[in-house]
Structure formats: structure tokens, C-alpha cells
Amino acid sequence: MTQQLSDRKLDTLAAEYVLGTLEDDTRLKLQRLMVTSDRARKAVWHWEQTLNALGASLNDVQPSSRVWRRIEARLGLGETEVVEAGVDEPHQNVTPLRTSRIRQGWVWPAIAAALVLVMISWNGWQTTSSAPAQVAVIQDASAQALWSVNLTEDGLLVTSTRQVTASSERDYELWLVAADGRAPVSLGLLPESGQRLLPRNALFDAVDVEVLAVSREPEGGSPTGQPTEVLYTAQLVGL
């Protein structure tokens, strides 16, 4: 499938995937493709790094209440009428918006699509850092992606998806299962939302890794130092 996608199309899908604007079926197809395609994994990884770097470089700006009300009115998110231009703003012919709401079903995808176009243009000259050495996509029994794991020189960058079910009483723990038969080694607790950078265990450079495993544990992690209930496994794939 990946050979049928042009570089630009795959790049666009990867950008929308990282932004979270892909429809469910397309997102799932791309997640499955990431397991077998170096091109797909590298494209998604690139946009994760690019968008994170861009976000970190921007300074926080608090809009004035007048500007915020105008934004809400333009997007149909509030009931407030667009205020008239004040002394500090040039007069423009603005049609008042009261209760007519713009459907969010197309407003937010339109905004996201604009961001993708800006980022694709920006991508042409922005340099990138080195790619992850290995990646794994942890999926449930119905092939829904739950976490992606990027193994780099700096550590394990774990990203959760919206399919992860959060719990206040249980934690998910990641384990390294070596091919030599030694006991599984804990790599740390997985995030139930967002991202988490886990330390890189020295065993990654000393043993052949059979699989990564995810167990469900009491809050705080395994009380015995070994997996309590193994739920999922995934193989690391080299890039």
C-alpha cells in the first residue's frame, strides 16, 4: 500500500495523523501501515518532531477579551455579537453574528487543514533531527493502536492514542522481554494520555529484544518486579 502513496500524499497523511484530524478508518489504516512501512514510520516521526519543535518555539500570547469574543463569534462558538471596531481598531464592515453557529464539524477540520498546509510549506526548509533507531506500535486484539514506542539514543518516547482507557486504580507498565529467556525487565509506566519519555535501559544494547510487553498493574506499578497481567505485546522494528 505504501508504494501506491506518493511522498507528498504520505507526508500529508502523517501531518494530519499527528494533528489528530484524520478520520477513524484512515487513522487505523495508517497505524497498521506504520508497523510494516519504514516510509510511513519516518513520515509520522518527522511530523511529531516538527510540530513539537514548532510548538515549543512559539511564545504564549494572551488575546484581549475583545479579540477573543470576535474569534468566538466568527467560529460560531459563542452567543456574543461581534463588537464594533473601537478607537484602536480601523473600522471594517463586519456583519454581526448572534445565534447563527458555524458547525464545528467543518470548522475545526478546516483550521487543521490550514495548519497542515502551512507546516508542509515550512517542512521544505526546516531541518530535522535524527530518526528513532527502532519503533513499535502496541495494538489491542482488534488491531486498534494504543501506544507508539520510539527507541532513540535519548530514551523511549511513548505516545498514547485516544483508544487507551484511563484508570485511577490501575497502571499500564512496559516490559522488555529478551530473547535469551531472562525475566522481563520493567521499562516504566506508560502514559494514559499524551507522551512520556522513559529512560533507555542498557539491555537494549546488550541483548536481543524478543518483544515489548504491556501489563496491567496496581497503581504505581508491579508490586513483585514481574508482570502481573500481560495484556499486549509488540515487536520493535528497526529503521
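Normalised by the number of residues in segment 132-239, the mean separation of alpha-carbon contacts (under 8 Å, six or more apart) gives a relative contact order of 30 percent. The residue among Leu231, Ser142, Pro218 whose Cα reaches farthest toward the positive pole of the charge dipole of segment 132-239, with charges on the beta-carbon of Lys, Arg, Asp and Glu, is Ser142.
Only the coordinates and a few stated rules stand behind these numbers; no lab work does. For clarity, every value in this text was computed on a predicted model and none was experimentally measured. Note that each Cβ is placed from the backbone with ideal geometry, even for glycine, and that neighbours are counted across all protein chains shown.
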